[in-house]
Amino acid sequence: MSLFPRFHGGDQQGWPTMKNKIPHILPIYPLKEHIVFPYMVIPLFFPREAIVVIEEAMKESQMIGAVYCPGPKNICSFDEHPRIGTVCKINQLVKFPDGGGKVTIEGVQRFIMHAAVQTEPCLKAQIELVAEKEERGLVVEALVQSVNALLKIALAYGRPLPEDVLKMIDRIEDPGRLADLITVYLGVDAGVQQELLGILDPIERLKSVYMHLTTEVQKMQVKGEIDQEVNKRIGKGQKEQLLREQMKQIQHELGDQDPRQAEIGELRKRIRTADMPDDVLIVAEKELRRLEQINPASPEYTVSRTYLDYLCNTPWKKGTQDNLDIKQAGRVLMEDHYDLKEVKERILEYLAVRSLKENTKGPILCFVGPPGVGKTSLGRSIARAMGRKFIRVSLGGMRDEAEIRGHRRTYIGALPGRILQEICRVESNNPVFMLDEVDKIGQDFRGDPSSALLEVLDPEQNDSFSDHYLDVPFDLSKVMFITTANIMDPIPSALRDRMEVIRLSGYSDEDKEQIAYKYLIPKEIEENGLAKHPIEFSPAAVRKILHDYTREAGVRNLERKIAAVCRKVAFDVAQGNEARKRIEESDIGELLGARSYFIDVADERDRIGVVTALAWTESGGDILFIEVARMAGNKGLTLTGSLGDVMQESAKTALSYVRGHAELFGIEEDFFEKSDLHIHVPEGATPKDGPSAGITMATAIASILSNKKVKSDIAMTGELTLSGKVLPIGGLKEKLIAAYKAKIKTVLIPKKNFERDLDDIPDEVKEKMEFIPVTRIEEILKHALV
């Protein structure tokens, strides 16, 4: 079919005669793609199966009924055809060798099919011609003008129409013919054209065409606005490109370099000098080539640029030279910290091995101890002794795995994890890296940071640590990792297994006194501006601060109190008053106020049912008094004093042992049938737990039931079994120091602790106290009961 069908401009000569010769039975030709309207001249290419219709028409009146054939088939039955069609006259016929052909037809008049009179060899139907009534009036005139106006708007938006059709539209006043003419050029599908052909009222048909034309114009308006915006943007891009090319030419003439090319060149130079491993170099060069292709205005440009910066800044093979002078390192460690022999020996051992073998993997150490004993400052001292850079990252409250391993670059604002960020910051691949508060890591829906640390802290894996952001392996085996914790219980077993645990126990009073004189007092004098007005602390004054104002395993609060004294002196100096030169014991109360703590001391008299126990706390050791009362009752056991589950189980175990061995202790075997027992541990607001009070509770129960007093100057610690065995416990050093402060003379301890832990006890404690190793509860009762 031709692109633009032709229409007759008006009634041609002989047209009424043609209508008079239209027979009432016509062969029906099925139309597929386009509908033929009256006054329309159109060429049709017909297939071989449709030539029967054309031949039938040529034999008779040279007229056919052109009717729409919906669906995929080329030939439709009578029932499948719509009832409205167009009578068409065949003007020209050309047959093709393959059986098909081309025919030129012109539409004459609408008709209605009533019945099929023949189906073979082609469909013939009885028809009734539809007379097109003429419409005139103001409504018709206004409607025609509106349609013409819309058509001109469509032309303005680029709707193509032949010149002869435009002239014809201006001359046509009949609404039916105008509707038919515009329908052909609306661009709607054959189904919609058939609907318009089927509207027999000319005015209604023109109204429907008007609605379709309105929709078409609206679509063209939107498309025009979009095209205008696209062209505007394309024009802006072309303008920017032109300006850039002009800028390049100007810079070339002036001898200047393009800023972007200068940046790319600088990155290329940094990549060459970064001394990257071969596999990382391949990634960096690939990313640089990608960066050259990205528009600088694109967000991807910044992402790629930042990634290359991190690759270049990462110290792949850059590190500090270790100080392998063991004596010098030992002096540095002694200058910064008092005692801590085990830690210092471990560091010096590593340096000794490092001096003998260069490629030694860094140790993974874990310092465990109460607050204030110097775990964090010890890491800084180790870095100074070894001549390495020091990094400290606090893990307390960390809940996001990406803090360790970084974010993938697909996220906006992605960065490497803290491990590689800090290594890049210090520009060294072998720093001393302290992971503080490893026992306070959390976990939630964002991941488990402790699991991410498994690779970091494993010497067998961390030589190829892969951060999610960099996505290339980095060697962490040269880093000395040190973790710190107050207690080991919250640390996952897999992570605990990867670390070498070194326990830092609390300091004795003598140790704290030495630390105060060697480190704390000089430091606070300097910090508080008293360098030109130095003051002295008498030993009695320091001991009073220790006993009355601090209760801790470390020296953090001791340092605060010394600082408070120094501030008071600085205040007097600033006011021009005469400042103290020496701080005596009597001055402490005036400077620091009322005492904060009272030390529990052993009872001066022996009592029934009261035994002194030893406990370990995060702030060091302490003594507890286990009290037992017996009342008339029936098998009742009351436990008070905020006791935890383990401690309650220890009380029940102690009672069961005493009941099972009543005869051994000289107790009535049926005592529990007519008695209730109440076990209380004073300071009820303080939670208490652990198994080490088992032997103490058994001794107190035996004392109250046998009516024998317990020696007041004796204390004990140990776990009790149902068979009467005494098992070892932890925290012995802190417990014995607490007993020493409470003026205890004799301590009963498990034999295994006696053999294993006594070397760690300060000498002044061992000199003033007696330690008796025990293996069974009978031995304890022999020593403890009067």
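A few remarks follow.
- Cleavage-rule hits (trypsin sites (Lys or Arg not before Pro)) in the range 628-730: DSSP loop, at most 16 neighbouring Cβ within 10 angstrom: 635
- Dividing the summed helix terms, -39500 (n - 2.57) for each DSSP H run of n ≥ 4, by the number of residues in the chain produces a 222 nm estimate of -13500 deg cm²/dmol to the nearest 500.
- Residue among 462, 283, 634 farthest towards the positive dipole end of the chain, charges placed on Cβ: 283
- Database note for the chain: Cys without another Cys beta carbon under 4.7 angstrom, 88, 122, 312, 366, 424, 566.
- Rounded to the nearest 10 Å², the accessible area of residue 222 at probe 1.4 Å: 80 Å²
- Excluding ligands, DNA and RNA, the accessible surface per residue across the chain is 51 Å² with a 1.4 Å probe.
- Computed from phi, the 3J(HN,Hα) profile of the range 665-675 under the Karplus parametrisation 6.51, -1.76, 1.60 (θ = phi - 60°) reads 9, x, 10, 4, 5, 9, 4, 6, 5, 10, 9 Hz, with x in place of Gly and Pro.
- Amide H contacts of residue 503 (H built 1.01 Å from N, under 5 Å, at least 5 apart or other chain): 368
- Kyte-Doolittle at least 1.0, axis length at least 24 Å by Cα - qualifying DSSP helices, the chain: 138-156
- Straight-distance candidates among the lysines for linking to residue 73, with alpha-carbon spacing under 21 Å and chain neighbours fewer than 8 residues away dropped: 32, 102, 124.
- The charge dipole of the range 614-677, taken about its Cα centre with unit charges on the Cβ atoms of Lys, Arg (+1), Asp and Glu (-1) only, comes to about 100 debye.
- Comparing 692, 85, 313 along the charge dipole axis of the chain, the residue lying farthest to the positive side is 313, per the Cβ-charge model.
- Restricting the range 576-657 to GluC sites (Glu not before Pro) that sit in a DSSP loop and have at most 11 other Cβ atoms within 10 Å of their own Cβ leaves 578, 604.
- Set of lysines with alpha-carbon distance to residue 133 below 24 Å, sequence-local pairs under 8 removed: 19, 21, 89, 167, 207
- Solvent-accessible area assigned to carbon and sulfur over the chain amounts to 49 percent, based on a 1.4 Å probe.
- Look at where the Cα atoms of the range 612-634 and of the range 324-386 average out, and the two centres are 39 Å apart.
- Kirkwood hydrodynamic radius over Cα pairs of the range 317-451, then Stokes diffusion coefficient at 20 °C and 1.002 mPa s, in µm²/s: 130 µm²/s
- Using the alpha-carbon positions of the range 133-173, Rg (one decimal) and Dmax (whole number) come out as 11.6, 34 Å.
- Bridge type composition, the chain - antiparallel percent by DSSP, nearest 5: 60 percent
- Figure legend: label point modelled 7 angstrom from the Cα of residue 335 along Cα→Cβ; residues of the range 359-397 with amide N under 14 Å from it are 381-388.
- Cα pair distances exceeding 16 angstrom across the range 653-702, given as percent: 46 percent
- Unsatisfied cross-links (Cα-Cα over 22 Å) in the set 523/733; 711/768; 544/711: 523/733; 544/711
- Debye, to nearest 20: dipole size of the chain, +1 on Lys, Arg Cβ, -1 on Asp, Glu Cβ: 900 debye
- Contact order normalised by residue count of the chain, Cα under 8 Å, 6+ apart, percent: 7 percent
- Lysine pair number, Cα distance threshold 24 Å (strictly under), the range 347-469, separation 8 or more or different chains: 5
- Across q = 0.07, 0.10 Å⁻¹, the chain modelled as identical point scatterers on its alpha-carbon atoms has Debye log10 I(q)/I(0) values of -0.74, -1.12, in the order of the q list.
- Share of Cα-Cα pairs in the range 257-384 lying beyond 21 Å, as whole percent: 59 percent
The values are calculated or read from the model by the stated rules, or taken from the named source; none is laboratory data. If you're wondering where the values come from, they're calculated on a predicted model, not measured in any experiment. Cβ sites come from the backbone with ideal geometry, for glycine too, and all protein chains shown count toward neighbours. What goes into the accessible areas is simple: the full protein's heavy atoms, side chains included, and nothing from ligands, DNA or RNA. Shrake-Rupley method; radii C 1.70, N 1.55, O 1.52, S 1.80 Å.
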